[in-house]
Amino acid sequence: MDTLAMGTILDPPEATAAARQFIQVRGARKVYASGDKSVEALSDVSFDVAKGEFVAILGPSGCGKSTLLMMCGGLEAVTAGVITIAGTPMTAPRASVGIMFQDPTLLPWKTVLQNVLFPARIQHLPEMEYRDRAQQLIDMVGLHGFENKRPHELSGGMRQRVAICRALLNDPDFLLMDEPFSALDAITRDEMNEVLLDIWRRYAKTALFVTHSIREAVLLADRVLMMTRRPATVVADIRIPFGRPRDMSVTEAPEFTRLCTQLRGMIERGTGQLDRRPGDGPILQPGRHGGEE
Amino acid sequence: MSAPSLTTAPAGPFTVRLRLPWRRLRPVLLPLLFIAGCLAAWQVVANLNPQSRAVLSAPSDVIGVLNKNLPLLLPHLAATARETVAGFALAAIVGMVLGAALAQWRRVQQALLPHLVLFQIVPKIALAPLFIIWFGVGPESRLLFALFLAFFAIASATTAGLSATRPDALRLCASLTASPWQTFFAVRLPFAIPSIFAGLKMGMTMALIGDIVGEFVSGQEGLGYVVMFAAAGADAALTFAALTLLCALGLTVYGVVVLAEMAAERWYGAPFVSEGFHNRKDK
Amino acid sequence: MTGSRREQLLSIGLPVATAVVLAALWQAAVSLTDIREIMLPAPTAMVAKLNANLPTLLEAALVTGREALAAFALAVVAGFIVAAASSSSQLLRETIYPAIIALQLIPKVALAPLFVVILGIEAEARITFAALLSFFPVLISTASGLSNTDPNAMRLCRSLRASAWQSFWSVRVPFALPHFFYGMRISSTMAVTGVVIAEFISAKQGLGFAILSASAVSKTATVFAAIAVLCALGLGLYGAVAALERLAARWYRG
Ligand SMILES: Nc1ncnc2c1ncn2[C@@H]1O[C@H](COP(=O)(O)OP(=O)(O)OP(=O)(O)O)[C@@H](O)[C@H]1O
Ligand SMILES: [Mg+2]
């Protein structure tokens with residue numbers, strides 16, 4: 001059988017409560033102590049992500065999106081509140097959670113294939129088995145023939161593709177992506193979005209995806225979370241009404257453009273108020289408290 | 001295996017042969033010509049001016065002395081080489097281990113790194129007489145002094161290199177649940193290789209300097225001693241002959257470190273180009 | 001917050017504590033075992049000697065310091081000029097630069113006796129020798145700084161039709177300043193080292209002479225005291241360069 005089928009198939013909607021609350025963020029707060037003063041990045045963030053759901057996070061620069069993602073990945077400790085994934089609190093990184101950073105973070109002395117196989121090497125996974133899988137992933141993102149090139153011989157978009165392959169290698173249950181394409185030009189970015197949609201068509205994963213691009217969020221996600229300025233909370237939780245499998249053609253739908261415009265207006269007004277129309281989906285407005293600096 | 005690509009096939013042998021030389025050889029030939037010119041000027045001045053020849057000798061005189069006195073000089077060369085290389089090797093082991101320890105444990109680094117830096121700055125060479133008091137005038141004393149001088153450069157470069165791993169790479173390792181040892185060997189060490197070898201090269205130079213100064217001060221054997229002895233006896237040709245051997249020794253031991261660096265880069269699959277791994281500025 | 005205050009305290013406290021503990025161990029080792037003072041004088045004995053001999057040591061430090069300063073100044077000026085010249089044309093760069101690198105690799109300290117033979121046992125010999133040692137770091141790092149100017153800044157200069165002289169002073173030099181100062185810092189150490197080595201070989205005064213003559217008669221405590229003064233001298237010169245670097249950095253960062 002195709003080893004790519006190792007991916008989990010999207011659970012049906014009538015999934016259990018556990019699957020609906022695959023990721024639970026409850027009252028997450030983060031205060032950075034730097035020098036003599038402290039910065040409150042997140043004041044009180046709560047949301048759930050169901051299994052197989054792709055959730056995009058939008059918010060002003062510096063509001064704490066990266067912080068939230070790192071906390072979900074177990075790379076930063078929460079100051080207060082709790083984040084659980086599959087029922088267990090996230091206190092340290094787990095092999096079942098894959099992270100894609102804004103930069104490809106490729107090791108310059110390793111080839112493309114070696115970079116993709118890096119997680120297998122760290123996690124002592126059987127090399128031979130994963131070599132085939134790595135090769136398949138590389139083929140899937142269109143890097144066939146570049147396996148033995150080094151990162152400096154690749155373009156920016158190609159490096160990001162390698163990073164995607166690496167994040168998918170050990171078939172994580174949950175993917176965290178922190179503005180993975182923000183350094184790319186618009187055309188390459190569209191290409192990468194297509195790669196992601198293709199991956200989601202093949203084997204849907206649960207994902208949290210931080211982006212600055214409204215278009216990208218609406219195109220890729222099942223839900224969009226909107227965050228406020230620092231200290232941040234989630235002000236809106238918008239369901240994206242497009243089904244899956246999805247491809248670039250949804251961008252041509254009038255619905256798509258309207259949704260983008262609405263979200264943009266919301267960001268400009270800095271509130272979670274959306275002109276609600278039937279079919280826009282529910283808007284959650286978590287209560288906010290704290291917020292002292 | 002994939003078939004070799006046709007685009008990389010070399011052009012015809014003639015075009016290659018005829019076009020390459022000057023462009024390729026220029027960076028090698030020009031400095032060699034420059035040095036040859038300097039030597040020739042030296043010879044000419046010596047021939048025209050016997051007074052300067054007495055003080056500065058001449059390339060031909062130096063070659064003559066080297067020819068005649070090589071059997072006498074070789075034991076001194078061997079002594080200097082032995083002490084320098086042994087001192088350097090010990091310094092490399094101690095320095096890299098201590099440097100790695102400092103990089104691994106933050107508190108130890110906080111406690112010791114300032115002292116390491118301080119020792120880098122102060123003129124350590126002044127301690128040569130102390131080593132004679134402590135360890136006598138024999139080879140051990142010079143070896144230990146060479147070790148002492150080389151150690152600080154190697155230890156601080158190792159610490160600096162290992163502590164300067166890109167934060168993104170460390171985060172990647174953490175997200176993959178890598179153990180500290182895995183992180184060390186998979187990411188921190190390869191990133192530190194250029195810095196460690198910069199320290200080793202510096203250390204090699206320092207070890208040779210330490211040995212020579214030790215020979216100046218203890219005055220028993222070695223090329224430093226020959227230089228001193230010959231200069232005191234106003235034997236310019238012998239001085240320069242010993243200096244020539246020292247230069248050859250210096251370039252050789254340095255070359256060995258460079259070869260080791262190339263081997264290490266090969267092993268890790270260098271060249272260590274850092275493009276495509278931009279360090280994200282942390283806000 | 002308290003956490004960072006604690007870090008600040010630790011980053012100063014730990015090294016100081018280490019130094020104090022080592023000194024105490026040293027003192028204890030000397031007083032508890034029967035190490036002869038010739039081998040290892042106690043820290044207290046060293047301080048006593050330092051106190052007793054301070055006038056003579058300072059006089060020696062003045063001599064050494066003056067020569068080191070002169071050598072350093074010579075090296076910096078010469079290093080900068082040669083770097084500017086050798087980076088001004090590709091021919092010069094390709095011709096001189098590799099030769100300079102090769103010279104950097106060979107043990108120039110071995111030349112010390114030669115300087116004494118040629119220039120005599122006076123200050124000129126020591127200054128010239130020390131200047132030679134400290135010349136190379138300035139030269140090499142300045143040259144690498146001058147030849148690695150941001151290509152965009154050079155393009156800007158060309159588009160503004162700046163003369164070679166203008167672009168040298170207004171763009172290449174400011175870009176090379178950090179390299180220049182890095183070279184100067186290393187050079188300051190080399191200048192003191194060079195003078196001391198030359199004093200070992202031929203001198204009737206100076207700290208190198210004081211160290212060597214005290215060690216010849218096994219006055220180890222005096223050797224240590226002289227080394228302490230020499231270290232202070234070296235750190236002073238280095239610190240002065242570092243301070244200058246700060247000033248320059250403030251100027252060119254605006
Ligand atoms: N290690 C840290 N120490 C202190 N403050 C930090 C640290 N990391 C982040 N911050 C602060 O926390 C806030 C949120 O940072 P974060 O990187 O999470 O923002 P972001 O939403 O990802 O921004 P961007 O969209 O620009 O990437 C910022 O104000 C930042 O200054
Ligand atoms: Mg961010």
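Quick check on B:Val108: is it open to solvent by 60 Å² or more (accessible area, probe 1.4 Å) and more than 30 Å from A:Cys165 (Cβ to Cβ)?
It is false that B:Val108 is open to solvent by 60 Å² or more (accessible area, probe 1.4 Å) and more than 30 Å from A:Cys165 (Cβ to Cβ).
Just to be sure, is B:Phe148 crowded, with 19+ Cβ neighbours inside 10 Å, within 21 Å of C:Cys231 (Cβ to Cβ) and among the aromatic types (Phe, Trp, Tyr)?
Working: crowded, with 19+ Cβ neighbours inside 10 Å: yes; within 21 Å of C:Cys231 (Cβ to Cβ): yes; among the aromatic types (Phe, Trp, Tyr): yes.
So B:Phe148 passes the test.
Only one of A:Gln123, A:Gln135, A:Gln102 is at pLDDT below 90, on the phi < 0 side of the Ramachandran plot, over 16 Å from the mean Cα position of the chain (by Cα) and not hydrophobic (A, V, I, L, M, F, W, C); which?
A:Gln123
I'd like the full set of residues that are open to solvent by 30 Å² or more (accessible area, probe 1.4 Å), in contact (Cβ under 8 Å) with a residue 40 or more places away in the chain and within 9 Å of another protein chain (Cβ to nearest Cβ), limited to segment C:233-254.
Of everything in segment C:233-254, those that are open to solvent by 30 Å² or more (accessible area, probe 1.4 Å), in contact (Cβ under 8 Å) with a residue 40 or more places away in the chain and within 9 Å of another protein chain (Cβ to nearest Cβ) turn out to be C:Leu233, C:Tyr238.
Could you check, for segment C:8-19, whether at least one of its residues is under 30 Å from A:Lys37 (Cα atoms), assigned to a loop (DSSP other than H, G, I, E, B) and modelled with pLDDT under 90?
There is no residue in segment C:8-19 that is under 30 Å from A:Lys37 (Cα atoms), assigned to a loop (DSSP other than H, G, I, E, B) and modelled with pLDDT under 90.
Looking at A:Ala18 and the list (1) open to solvent by 40 Å² or more (accessible area, probe 1.4 Å); (2) not in a helix (DSSP H, G or I), which single condition is not satisfied?
Condition not satisfied by A:Ala18: (2).
Please work out if B:Phe191 is over 17 Å from the mean Cα position of the chain (by Cα), more than 12 Å from chain C (Cβ to nearest Cβ) and either open to solvent by 30 Å² or more (accessible area, probe 1.4 Å) or not basic (Lys, Arg) (or both).
Yes, satisfied.
Results for (1) outside any helix (DSSP H, G or I); (2) within 12 Å of another protein chain (Cβ to nearest Cβ), shown as yes or no for each residue.
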| position | (1), (2) |
| --- | --- |
| C:Asn152 | no, no |
| C:Leu156 | no, no |
| C:Pro178 | no, no |
| C:Met190 | no, yes |
| C:Thr193 | no, yes |
| C:Gln205 | yes, no |
| C:Leu212 | no, yes |
| C:Ala226 | no, yes |
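What number of residues within segment A:53-73 satisfy the criterion of being in contact with a helix residue (DSSP H, G or I) (Cβ under 8 Å, 6 or more places away or on another chain) and more than 8 Å from ligand 1 (Cβ to nearest atom)?
So the count comes out to 5.
Are there any pairs, at least 6 apart or on different chains, whose C-beta atoms fall under 9 Å, with the first in segment C:158-171 and part of a helix (DSSP H, G or I) and the second β-branched (Val, Ile, Thr), and if so, which?
Going by the 9 Å Cβ cut-off, the qualifying pairs are C:Ser167/C:Thr149; C:Val171/C:Thr149.
From (1) in contact with a helix residue (DSSP H, G or I) (Cβ under 6 Å, 6 or more places away or on another chain); (2) closer than 29 Å to A:Ser43 by Cβ; (3) modelled with pLDDT of 90 or more, pick out the condition that doesn't hold for A:Cys165.
In the conditions (1) in contact with a helix residue (DSSP H, G or I) (Cβ under 6 Å, 6 or more places away or on another chain); (2) closer than 29 Å to A:Ser43 by Cβ; (3) modelled with pLDDT of 90 or more, A:Cys165 misses (2) alone.
Within segment C:75-86, does at least one residue satisfy the condition of being over 23 Å from C:Ala123 (Cα atoms) and surrounded by fewer than 16 Cβ atoms within 10 Å (Cβ to Cβ)?
Looking through segment C:75-86, at least one residue is over 23 Å from C:Ala123 (Cα atoms) and surrounded by fewer than 16 Cβ atoms within 10 Å (Cβ to Cβ).
Can you name the condition, by its number, that C:Ala226 falls short on among (1) surrounded by fewer than 24 Cβ atoms within 10 Å (Cβ to Cβ); (2) under 20 Å from the mean Cα position of the chain (by Cα)?
Result: C:Ala226 fails condition (1) only.
Restricting to segment A:75-93, count the residues that are away from ligand 1 (no atom under 12 Å from the Cβ), surrounded by fewer than 21 Cβ atoms within 10 Å (Cβ to Cβ) and free of Cβ contacts under 8 Å to residues at least 24 places away in the same chain.
Of the residues in segment A:75-93, 5 are away from ligand 1 (no atom under 12 Å from the Cβ), surrounded by fewer than 21 Cβ atoms within 10 Å (Cβ to Cβ) and free of Cβ contacts under 8 Å to residues at least 24 places away in the same chain.
Against the condition under 15 Å from B:Asp61 (Cα atoms) and facing another protein chain (nearest Cβ under 8 Å), how does B:Ala241 come out, does it pass? Lay out the reasoning, then the answer.
Numbers: under 15 Å from B:Asp61 (Cα atoms): yes; facing another protein chain (nearest Cβ under 8 Å): no.
Here the answer is no, as B:Ala241 does not meet what is asked.
Given the residues B:Thr205, B:Thr159, B:Thr177, which is the only one that is of a type in the set (Val, Ile, Thr), within 14 Å of chain A (Cβ to nearest Cβ) and touching a helix residue (DSSP H, G or I) at 6+ places or on another chain (Cβ under 8 Å)?
It is B:Thr177.
State whether the residues of segment A:38-46 include one that is under 20 Å from A:Val97 (Cα atoms) and in contact with a Pro (Cβ under 7 Å, 6 or more places away or on another chain).
yes
Just wondering, is there one or more residues in segment C:194-207 that are at pLDDT below 95, under 20 Å from C:Ile140 (Cβ atoms) and open to solvent by 10 Å² or more (accessible area, probe 1.4 Å)?
Looking through segment C:194-207, none of the residues is at pLDDT below 95, under 20 Å from C:Ile140 (Cβ atoms) and open to solvent by 10 Å² or more (accessible area, probe 1.4 Å).
Select from segment A:170-196 the residues that are open to solvent by 10 Å² or more (accessible area, probe 1.4 Å) and without any contact (Cβ under 8 Å) to a residue 60 or more places away in the chain and list them in ascending order.
A:Leu184, A:Asp185, A:Ala186, A:Ile187, A:Thr188, A:Arg189, A:Asp190, A:Glu191, A:Glu194, A:Val195 - these are the residues of segment A:170-196 that are open to solvent by 10 Å² or more (accessible area, probe 1.4 Å) and without any contact (Cβ under 8 Å) to a residue 60 or more places away in the chain.
Regarding A:Ser43, is this residue more than 16 Å from ligand 2 (Cβ to nearest atom), of a type in the set (Ser, Thr, Tyr), crowded, with 21+ Cβ neighbours inside 10 Å and in the same structural domain as A:Met90 (by TED's automatic domain parsing)?
Here the answer is yes, as A:Ser43 does meet what is asked.
Across segment A:90-106, what is the number of residues that are within 7 Å of chain B (Cβ to nearest Cβ) and either more than 16 Å from ligand 2 (Cβ to nearest atom) or polar (S, T, N, Q) (or both)?
Going through segment A:90-106 one residue at a time, the tally reaches 6.
Here are some residues: C:Ser163, C:Ser141, C:Ser134. Which one is polar (S, T, N, Q) and either open to solvent by 40 Å² or more (accessible area, probe 1.4 Å) or farther than 24 Å from B:Ile121 by Cα (or both)?
Just one listed residue meets the conditions, C:Ser163.
Going residue by residue through segment A:48-61, is there one that turns out to be surrounded by fewer than 16 Cβ atoms within 10 Å (Cβ to Cβ), among the small types (Gly, Ala, Ser) and within 16 Å of ligand 2 (Cβ to nearest atom)?
Scanning segment A:48-61, I find at least one residue that is surrounded by fewer than 16 Cβ atoms within 10 Å (Cβ to Cβ), among the small types (Gly, Ala, Ser) and within 16 Å of ligand 2 (Cβ to nearest atom), so the answer is yes.
For segment A:154-237, which strands (runs of 3 or more DSSP E) that fit wholly inside it have 2 or more residues that are within 12 Å of another protein chain (Cβ to nearest Cβ)?
Details: elements: A:174-178, A:206-210, A:223-227.
Once the strands (runs of 3 or more DSSP E) in segment A:154-237 are filtered for at least 2 residues that are within 12 Å of another protein chain (Cβ to nearest Cβ), what remains is A:174-178.
Yes or no, residue by residue, for (1) touching a Gly at 6+ places or on another chain (Cβ under 7 Å); (2) within 10 Å of chain B (Cβ to nearest Cβ):
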| residue | (1), (2) |
| --- | --- |
| C:Ser159 | no, no |
| C:Val173 | no, no |
| C:Phe200 | yes, yes |
| C:Thr220 | no, yes |
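Scan segment A:47-89 residue by residue and report those that are within 12 Å of chain B (Cβ to nearest Cβ) and in a loop (DSSP other than H, G, I, E, B).
Selection gives A:Ser61, A:Gly62, A:Cys63, A:Gly64, A:Gly73, A:Gly74, A:Leu75, A:Glu76.
Looking at this structure, is C:Phe129 at pLDDT below 90, more than 13 Å from the chain's Cα centre (by Cα) and among the aromatic types (Phe, Trp, Tyr)?
no
The values are calculated or read from the model by the stated rules, or taken from the named source; none is laboratory data. These numbers come from a predicted model, not from an experiment. Here the Cβ is made from the backbone with ideal geometry for all residues, glycine too, and neighbour counts use every protein chain on show. To get the accessible areas, we keep the full protein, side chains included, count just its heavy atoms, and leave off ligands, DNA and RNA. Shrake-Rupley method; radii C 1.70, N 1.55, O 1.52, S 1.80 Å.
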